[in-house]
Every structure is written in C-alpha cells, then in structure tokens.
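Just so it is clear, none of the values below were taken in a lab; they were calculated from the coordinates. Note that the structure is predicted; figures quoted are calculated from it, not measured. Don't worry about glycine lacking a Cβ; one is built from the backbone with ideal geometry, like all the others, and counts go over all protein chains shown.
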C-alpha cells in the first residue's frame, strides 16, 4: 500500500480541529473526547491517503467504519514513515520500528498519546483483534525503504501477501459484527488472486511516482516479455514496448479482479463491499489504459462520473442490506494481561474465569482420583443427522454442535479432567460437500477468534496436518497454542484434518529418516522411541473413548493412544449432548475394572460392583 497523497504531520494535526465543527456520525467510543477526536483523525487520514478505500468503508455498516478508519490510518502512517525521502534508509526503518514498538506498549496499557495508535488500540481491544498477525506486513513496510526486485511472479506474490493481514482484520470485524465475509474453500484461490489484482492495480496507478524514487515493483518475468520495456521505464520513456507491457498487465489485473463466485454465500452487505471494490479497481485500470505517456508523470484517476456510476447504486444496495441486519458495536474492553509482564502476574492469574454454571444447576459427580480418567477422547458424531431431523441444512448442525463442544470443556473443567481431545474434522471429511466443509472450518476459526474459551484456564492444542487447510485457520490454531501454552487446568486438543493412520505413517517416516541418518539403531527401536516422534509426545494414552450419534466404531481416531481405551457409545446426536453426558460417561468409566491384560484381582463370582456414584447426570437415578 502506498499513499496517493502524502500529507505532513502538521497537515494531519491541523485536520483534527477542522473536523470538530462538522456534523459527523459518532463512533461508538463512549464519552471520551480524545478517543472521538482520534477516530475523526483516522477518518481524515484514510480519506486523504486513499479516497477509494474511504468510499468502500462508507459502504460498511456504521458501527464498522471507525475500526476500519483506525486500521487503514495505521497502515497509511507506517507507509508514510517508510517513504519519507527526507531521511536516510536506516532512519526511516528506525521510525517504523519505533512506532510499532510504541504500539505494543500502548496495547498493554489500553491507551496512547498518539491519536492514530489511540484509535487502533481501542479498536483492537473492543473488537478482539489480534494485531500480531500484522507483524509480517510491518516487516514488509520496513523493506519498502529499499529497492525491491522480484525475479518472477512467485516472488512478487509473496510480497503481495503482506496486504492480506490488513484485509483479514477487516474480515474479522465483519465476523465480530455478525455478517461474516465467509469464503468457500473452493474459492480460496480466487481470494488470493483478488489480492494480487488489487496490488497490481496499485502498482500500475503509482508507476510514475515509484519510478521517480527508483522503484520498479514489477517482476522480471513480466519485464522480460518486452526486452526494452525495463530500460524505457527507468528512463521515463513511453515506447511501443512500454505501452504493450502496460496493456498486458492491466488485462492480467482485470482477470485477477473478476472473481464473481468469490462472494457466493456471503452476507449481501459484505458482498456489495467486495464487488464494488472490484468495480472501482477495474475503472482504475481503464484510467491506466487511457493515460498513455502521462502514466509516467502522474497517477491517473477515474472520472467523477465513473465513480458516481459505481458508488451510487452500491450505496443503495449496502444501505438496504445493513438495514435488514441489526448490528451493534461491542463496548470498551480492558487490555489483555499476559504473564510475560511480571508486574501484573497476579492480575493475570485472576483474569482467568471459571466455566459458566449449567443452566439447570447440575453439578458434577464426586469421583475419586484413582477412578478418574486422565484423558477422554470424543468423536463428535451426528451433527448432519441432527440438522436433517430438524429439517435444517446440514451445515446448521455443525453450528449447533459448537455449543456442545463448549459444554464438554465446561464439564471437563468442573469435574477436574486433565486432558480432553475432540475429533472435529478428519482427513476423510474432505469427501463431503464443499459448502459443508467450509461451514465446519469457518465455525472453528470464528470460535478460535472470539469463542467463550478464551478466558478459561484451558491450554489449547491442535493435532492434524496443515495440508489443504486455509492458511488463516492454521494461523489461528497456532496463535491459540502460543497464547494458552502456560495454562494448566485442562489441555484441550482439537483434531482437525487428522487421520490416525496418517499420523502413524508420518511418525514411522520420521523414525526411518533418523535411522537412515544413523541417529538411531533400527534394531533397537521401541515403543518409547515411536511415541517421542508423535506430533504431541506428551499426550497421555486415552482412558475413555466416547462416540455419540449411535455409531460403534473408532473411525481412524487416535489408534496409537487409544489401544487400551474403554469404549463408550451413546445414541444422542452431538448437538443434543451437554456436560451431564460427559459426567455420565466418566461415571460409567469409574465402574469398570481395567486390567490391561492382567488377571482380575477378585474372581468374578466374588466381585462386588463399586458403590454407586451420586451425580446430576441424565442417566443416574436421584
């Protein structure tokens, strides 16, 4: 992202009081005048830097405009700091680094003396944004102070991905507001190409300004198609080769931007924003095509009539869509407290919350430690059949199943279970309908971003393989692993894109590689060696494997860990279960005698069943 207009710091400071006399939609920032002023400055900064982005934000619901202003204003400020030609390269990099480090400090205290950071901190806390995902984009901003060269389109696309975290933050805002920009799994490539098209449009628009700074942000692979074009561009000459190159690149950008299926299934308001963005950028490419030699001197812009033709109907469509979807902004939030801050360690411990009580007041049974399983694994089966029984689309069953998964975590915490593993998505589930797969994985990601487990003493882990999973889901899973790694009450492992045979095959391959390298004697390999090469070597064996949905098979689930597991099958579909069913399964487990191949200590005819355990589960009598 490069600004089309570069106001100075004095210009931005002067803009704030100029806004105070104008009527404005007040962002939901309470009665803090400094925060309202900070959001107004962010709005002005966004409008000055990129009128197209400002127009798109105006198509969003009112509650989402202030956080979007804050995000794009922060991106613009970083862009300006990296692009200031009155300072040496090292000084510009130092300014960007200082700004981002100040942002980290501001996030810990929940406010800032810098107005743009003040608005950004409020946005991050209020909307639960994880700004750590922007680190790569910041690093690229630091790199932008140097001349960039790309050998081919692959290198160029890797650089383009620095825009994705900023766009993903906006998508997260839509999700938080209840109107998600859900992308089907079979449209992920469309999304990436759309981002490529946006970046290429931006580069072609600012070609003249970049060339004056010695930058030519096009891959050598494209430049080599017209051998004299690179020299002509660097010398500021408009030649037949230059014209042919520009025509080819604008056609390529249009192709990347034209992705009508990308918005299939989205909320109509969110779809209008993306479709309008594509229309505006195609109009910008038309202006680039029509600029001719002036492209090398100044940035072309679509006419006012063209912009009005695109934006006027878009405003009507978006206004109608948002009027049918009541959205509210969340209230202010205090900054998250981390244990890495010694001065606030005590507060960090108290920040974790107990699980909410059962709505009916049910309490867990009292089970002695020697009868308590250490590890319960659950195959959450029956979501689709539950939906069909209720005459709903199958994806609705997976949404309903999310609440049951929360109940399992609450029940595990209340009864004192140390390890809970949930089978969320298997390697065989890729055979299902694409829409259903998208719903399952999007529900998991949204739950990770803002689920009710965030403030519980739960260590979250992922077991599975990243192949074919959306990058944003993988990053969300890894982020939660890092964020919760010091929590101790319950270890929750969620199996996503997991297959038991695949896990064993990959572990065997890792052992074979070590044996081939001479690090281990293949004749001396034992079970402990194998276990050390599993993805989570510290995961204990499964004591109790429970499957819902009236099916009685283990379905390739944890074959290594569940070798001696007690099996428990129940008829209810997964969305119909709650924590009481977990307690009943554990109660049933406590009544079994586990021998692991040894002879019973008491002969069957003299064996007396264990004393009945009193609990509030569904099956036990009062």
Modelled FRET efficiency - R0 56 Å, residue 32 with residue 523, Cβ distances, 0.05 increments: 0.20
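Between residue 392 and residue 324, what is 0.36 nm times their sequence separation minus the Cα-Cα distance? Round to one decimal in nm.
Residue separation times 0.36 nm, minus the Cα-Cα distance, leaves 22.3 nm.
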Residue 212/residue 90 FRET efficiency (R0 22 Å; Cβ-Cβ; nearest 0.05): 0.50
Could you line up 223, 544 from fewest to most neighbouring Cβ atoms inside 10 Å? 223, 544
Each label point is 7 Å from the Cα along the Cα-to-Cβ direction; what then is the distance between the points at residue 166 and residue 506, in nm? 3.4 nm
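How long are the three semi-axes of the equivalent ellipsoid of the stretch 193-325, in whole Å, if each is the root of 5 times an eigenvalue of the C-alpha gyration tensor, listed from largest down?
Calculated on Cα positions only, the semi-axes equal 33, 16, 11 Å.
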Provide the packing ranking of 406-419, 244-257, 38-51, i.e. peptides ordered by the mean count of other C-beta atoms within 10 Å per residue, highest first. 38-51, 406-419, 244-257
Two-site FRET efficiency, residue 298 against residue 450, from Cβ-Cβ distance with R₀ of 51 Å, rounded to 0.05: 0.70
What distance in nm separates the simple spin-label points at residue 594 and residue 428, each placed 7 Å from Cα in the Cβ direction? 2.5 nm
With each label point set 7 Å from Cα along the Cα-Cβ vector, what nm distance links residue 152 and residue 235? 3.0 nm
Neighbour counts of other C-beta atoms within 10 Å: give me 323, 426, 239 arranged from fewest to most. 323, 239, 426
Over the stretch 193-325, relative contact order from alpha-carbon pairs under 8 Å, at least 6 apart, %: 33 percent
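Mind sorting 77, 474 by how few other Cβ atoms lie within 10 Å of their own Cβ, fewest first?
The fewest-first ordering by Cβ neighbours comes to 474, 77.
Within 10 Å, count the other beta carbons around each residue, average over each peptide in 462-468, 201-207, 482-488, 517-523, and list them highest first. Mind showing how you got there, number by number?
Numbers: 462-468: 17.6, 201-207: 22.1, 482-488: 13.3, 517-523: 9.6.
The most tightly packed comes first, giving 201-207, 462-468, 482-488, 517-523.
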